[in-house]
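Chemist: The structure follows.
Just so you know, all these numbers are worked out from the coordinates, no wet-lab data involved. As the structure is a prediction and not an experimental result, all values here were calculated from the model. Cβ: placed from backbone, ideal geometry, glycine included. Neighbour counts: every protein chain shown.
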């Protein structure tokens with residue numbers, strides 16, 4: 001119910017109440033004998049009617065506020081819809097970019113160098129891992145400065161053997177990967193877990209860290 005209609009209805013109801021009050025006043029002024037019981041009934045009727053009008057007015061006001069709130073929400077929704085449709089149209093009409101290939105967690109790049117970790121194998125308490133190192137831009141001489149692994153219990157293990165061309169250094173030709181291998185002995189918790197918490201190879205230009213390396 002709109003506020004104008006509610007106001008009109010309340011106004012009409014008020015006319016009725018005014019008529020009842022006028023009747024009471026008229027009877028009193030013309031000194032017509034009216035029993036106290038009838039007067040009491042009329043008074044109660046007026047009070048109930050007045051309270052009813054107040055309640056109807058409150059409801060009408062609350063309903064109007066709700067309607068106003070919905071109108072604002074609707075206007076905001078339409079505005080956002082218009083923006084979304086315009087954005088969608090711009091995206092559709094614009095150049096479509098090809099999807100990016102998924103990142104390989106076993107390959108790290110940086111400083112013009114790329115290091116790829118190959119599958120690791122477990123034999124007793126010794127793990128052996130193969131890897132490749134590749135120069136992405138220029139020919140260069142690169143050395144493996146350090147390596148380590150960390151087990152799930154936080155224990156750090158240094159390599160017992162490293163093989164990379166001339167021991168720990170290699171001459172890299174652009175875009176030609178060179179293969180190396182590394183071995184760690186004395187594993188404990190990694191044997192049960194079947195994974196290495198961290199495997200790290202630190203070269204001159206790149207510190208490659210691989211997490212949760214599975215053991216084959």
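Chemist: If you take the beta carbon distance between residue 136 and residue 185 as r and set R0 to 35 Å, what does 1/(1 + (r/R0)^6) give as a FRET efficiency, to the nearest 0.05?
Modeler: 0.60
Chemist: Taking 0.36 nm per residue of separation and subtracting the Cα-Cα distance, what length does fully extending residue 178 through residue 104 add? Show your work: numbers first, answer last.
Modeler: Values: separation 74, 0.36 × 74 = 26.64 nm, distance 1.85 nm.
Fully extending the segment from residue 178 to residue 104 adds 24.8 nm.
Chemist: At a Förster distance of 41 Å, what's the computed FRET efficiency of residue 212 paired with residue 78, Cβ-Cβ distance as r, to 0.05?
Modeler: 0.25
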